[in-house]
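Below is one structure, written out as structure tokens, with a few remarks after it.
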Amino acid sequence: MAAENTAPELLALQPEESIRFNTTAENICINRRSAEELDYNEFYWRYLHANWPLIITDVSNKWECRKWAQNAEDDTNGNANANVSSTVSEHTHINFDYLKSRIDNLDVPVADCNAMYFNSHAKLEFKFYDYLERWQRNLENATNSNVAKDNLYLKDWHLAAQMPAYKFYHVPKYFASDWLNEKLMKQKQDDYRFVYMGPKDSWTSFHSDVLGSYSWSTNIVGHKKWLIMPPGEELKLADRLGNLPFSIDETLLDSHQVRYFTINQTANEAVFVPSGWYHQVWNVTDTISVNHNWFNACNAPLVWRNLLGNLQAVYKEIADCRQMDNFEAHCQTMLRASFGINYLDFIELLECIASQRLAAQLEPRTTTNSLLLFDSYTMNDYHVQYDLDCLRKLLAQMLQESSVQQCDAAYERCRLLLQQLQS
């Protein structure tokens, strides 16, 4: 999502030995680092590879969507509807008029934070302009205690995919090595690039991210509060059946002696959420953010282990059907439905990434880059080689799994891909 006709930025990864740090000493708090001083190589090894969170400041300075926010004093200047805007500006700095001028009246997914449906918030669908108007109306009635207040959170909106010509943000370099969205965008499939918009007090329930992926979330407007914990700490909260709570707070965490961190995230800050870190997030003010889920060479093995674990859960769920015809195929269908992908989906992703990296390795450096990430970045030779090495190791592990060996199509595709990478 870079400006046109600009040279791609190089993701200059170096061997891990180029970074000297004491993981035990450093992993006692969640730091803030400025994008102006944090380089890609340090982020890759110190945070991505170490699976440790970070808050990165000054990441959205040049994003077009900064215009979705406005200063309170701008709300009334030159505005014919000053009597309405001044009321709204007491509560929000969201530029509703600008949003309507730049974004089409699309269907948008909305969660009702006041209603539960099984283990999630109830899901609704709105037209975008209707959602904005309802939000504004609630703001105008904020001081009227006699009017019931909605708590509607626009979440998981694929705006970048729906309006690809609207370059409203720029993926920070730290998050550009993204195997998941690289494959999905290349093949024009549903991706994991999202916009979130919600009023004060809207929230996301206690969870870890889909697939065991990383996530990043950049605030465009507003203030979010996070409670986040290292992998395994969530087990202290499980009930006798292994179920985790829908919602948490500090009192609950302290009573169960959970190790956790509190993050207060403001505008122009990105939170990097590592794999397997459970968290809950509240919008302390009206808030807009851009979010991605993704994985790469660092955490693809963890995604694979999660895939294995979820298949075992499927086996357990339908253990009494093991004698049925095509049992393994049925299990893969259920795995995709419950986890989001199955073995063949994951292998297809690895095939895509391998093809891209092999092509980049073979092309002369004087030619146009075939490996262009988010229209903005390319990898140095070491980065390409590191991805290929990780693919080889992961495929070798996969071929040792009995569940892969029992799935002829998965086993053969893994074997052929590994053979190609070893040749």
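Annotations
- Options Leu302, Leu252, Leu227; residue that is surrounded by fewer than 23 Cβ atoms within 10 Å (Cβ to Cβ), closer than 19 Å to Ser120 by Cα and not acidic (Asp, Glu): Leu227
- Test: Asn61 is open to solvent by less than 50 Å² (accessible area, probe 1.4 Å) and assigned to a loop (DSSP other than H, G, I, E, B): no
Each row is one residue, and each column tells you yes or no for (1) modelled with pLDDT of 95 or more; (2) under 22 Å from the mean Cα position of the chain (by Cα).
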residue	(1), (2)
Leu302	yes, yes
Asn306	yes, yes
Met324	no, no
Thr333	yes, no
Leu388	yes, no
Ala396	yes, no
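- For Ala267, the test of being in contact with a His (Cβ under 9 Å, 6 or more places away or on another chain) and aliphatic (A, V, I, L, M) is passed.
- Selection of region 392-408 for residues being open to solvent by less than 50 Å² (accessible area, probe 1.4 Å) and assigned to a helix (DSSP H, G or I) yields Leu394, Leu395, Ala396, Met398, Leu399, Ser403, Val404.
- Evaluation of Ser213 against (1) closer than 24 Å to Asn61 by Cα; (2) under 16 Å from the mean Cα position of the chain (by Cα); (3) of a type in the set (Ser, Thr, Tyr) (one fails), failing number: (1)
- Restricting Asp375, Asp389 to residues that are open to solvent by 40 Å² or more (accessible area, probe 1.4 Å), assigned to a loop (DSSP other than H, G, I, E, B) and either touching a Gly at 6+ places or on another chain (Cβ under 6 Å) or not assigned by the TED database to the domain that holds Ala165 (or both) narrows the list to Asp375.
- Of all the criteria given as (1) touching a residue at least 12 places away in the same chain (Cβ under 8 Å); (2) out of contact with any strand residue (DSSP E or B) (no Cβ under 9 Å at 6 or more places or on another chain); (3) farther than 27 Å from Leu311 by Cα, the one not satisfied by Gly212 is (3).
- Cβ pairs under 7 Å, 6+ apart, first in region 311-330 and among the hydroxyl-bearing types (Ser, Thr, Tyr), second surrounded by 13 or more Cβ atoms within 10 Å (Cβ to Cβ): Tyr315/Cys331
- Filtered residues of region 232-271 (kept if in a loop (DSSP other than H, G, I, E, B) and either in contact (Cβ under 8 Å) with a residue 60 or more places away in the chain or of a type in the set (A, V, I, L, M, F, W, C) (or both)): Ala238, Leu241, Leu244, Phe246, Ile248, Val258, Ala267, Asn268
- Filter result for Ala329 (small (Gly, Ala, Ser) and either open to solvent by 20 Å² or more (accessible area, probe 1.4 Å) or over 28 Å from the mean Cα position of the chain (by Cα) (or both)): yes
- Enumerated strands (runs of 3 or more DSSP E) restricted to region 73-164, each holding at least 2 residues that are at pLDDT 90 or above and open to solvent by 80 Å² or more (accessible area, probe 1.4 Å): 107-117, 120-127
- Residue within region 186-196 that is surrounded by fewer than 22 Cβ atoms within 10 Å (Cβ to Cβ), assigned by the TED database to the domain that holds Ser247, without any contact (Cβ under 8 Å) to a residue 60 or more places away in the chain and at positive phi present: yes
- Yes/no for Gln265 being buried (at least 21 other Cβ atoms within 10 Å of the Cβ) and on the phi < 0 side of the Ramachandran plot: yes
- Only one entry of Pro245, Pro199, Pro274 meets the criterion of being closer than 22 Å to Phe168 by Cβ, at pLDDT 95 or above and in the same structural domain as Gln136 (by the TED database), and that entry is Pro199.
The values are calculated or read from the model by the stated rules, or taken from the named source; none is laboratory data. Source: prediction; values computed, not measured. Here the Cβ is made from the backbone with ideal geometry for all residues, glycine too, and neighbour counts use every protein chain on show. Protein only, heavy atoms only, side chains kept; ligands, DNA and RNA dropped before computing areas. Shrake-Rupley method; radii C 1.70, N 1.55, O 1.52, S 1.80 Å.
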